[in-house]
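The values are calculated or read from the model by the stated rules, or taken from the named source; none is laboratory data. All of these numbers come straight from a predicted model, not from anything done at the bench. Quick reminder, even Gly has a Cβ in these numbers, built from the backbone with ideal geometry, and neighbours come from all protein chains shown.
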Amino acid sequence: MHGVSNTFSGTFCRSLAAGSISVSVFVFILVCYYNETSSPQNGRHWLRLKSAGKPVRPPEQGAHTSSPRNLNTDDEGASNFDKFDITGSDVIVFLQIQNAGADFFERHLIRDLNLEEPCSCWRQKICRCYRPRTRTTWLFSRYTLGWKCGVHPDWTELTSCVDRVLDEDEGRPVKRRYFYITILRDPVTRFRSEWHRFRQNRGWHGSRPHRSSCSSGITSDALTQPCFDGRHPANVTWDEFLSCSTNPALNRQTRMLANLGLIDACSESASGVMRPEDRDLVLLSSAKQNLHRMAFFGLAEFPKLSQSMFEATFNLSFKRQPRSHAFLRGRRYRKKHLAETMPGQVERVTAANSLDVELYNHAKELLFSRFEKLRARSPELSEDEREVMEPYSGENWADEEDMSDFVAE
């Protein structure tokens, strides 16, 4: 009996070791692939930055076909890089990350674009952005269709949901191209802003933890246990909010942009769940790749630069630069509250959101590089270069959201 036990133990250990090696090799291959395909050096071919021109999007900014299974993964697929056609069946899909300025930019899109058929809003609650002479929408977002794919759906949820929702809205299946867009924000200030929203219990979905890594239903309590379950937000301390490993506010930007299907690493084998460090590598690499695949992304801290990139990408123009009536108050509130609460905490927030920090730095480098390519071909932009590239040179798209949160406290 003792011999049988030793034989079983040896077999189990060998199986466990083999499973761990397999997962590590899988993670290594994925990370190498995503790092290669999302490298900023892999082409950024732009022409002139003019709303009336015909911009050529870089290879990493392809539109997505309507079937989630046919999402473009080939950076050289030129057929996927035709310009956005608002009169056809193209749709801008807005992936809205909490407390990053997306709410402000969405209102800017709806109110301030020069369109043949302007968006119309009913009591400021729901808006319809129809194509000229049709009753089909060109913008899929919170204010145009509501949370049809869930509240603040991530990349994985949107890509599997948008087609169905639009088919239902239009009453028939349609072959479409999807142009995904998003807004990112400095991770430290974004996390702090979400903390203020959480304390007010205003639309913060703290009961939904990071999604389980196991689609098979085999889960790990460490991955799925909600933070602060059953507690009122006012009774949760800052240290508790920052320390809960399944807090959805942590590394939110990375998780929302990543393909979460890649971390479905659970099985019935002894290998169990993918190691946290491997999972983080896959998530970050996937988020970077999807950022490159988006038709447009902007940074809340660089509104003029981001707006210029949007206009060049979609061959659309805004009537004006956005400026909220609450702009100055929002900036004052944000600086005041961050100054009061952040000393000594920046390092901890940075460490806890290390994936978002790396993603944001990558996004910043990529956005600036693309703008430099555009500026080199558009000499008339040189006069405004310093103002456009300077942080907080204009309206920070996240200021108004912060202001409304701080005032409500």
>> I'd like the full set of residues that are assigned to a loop (DSSP other than H, G, I, E, B) and within 25 Å of GLU311 (Cα to Cα), limited to region 154-174.
In response: ASP154
>> List the helices (runs of 4 or more DSSP H) inside region 315-402, counting only whole elements, that have at least 2 residues being at pLDDT below 55, under 25 Å from the mean Cα position of the chain (by Cα) and not small (Gly, Ala, Ser).
In response: 327-341
> Is there a residue in region 83-93 that is on the phi > 0 side of the Ramachandran plot and either crowded, with 19+ Cβ neighbours inside 10 Å or at pLDDT 95 or above (or both)?
Replying inline: no
> Taking only pairs six or more apart or across chains, which ones have beta-carbon atoms under 7 Å, a first residue in region 121-149 that is over 17 Å from ARG172 (Cα atoms), and a second residue that is charged (D, E, K, R)?
Replying inline: PRO132/GLU116; PRO132/GLU117; SER141/GLU106; ARG142/GLU106; TYR143/GLU106; THR144/ARG128; CYS149/GLU157
>> When you check LEU260 against the structure, is it under 16 Å from the mean Cα position of the chain (by Cα) and modelled with pLDDT under 95, yes or no?
In response: yes
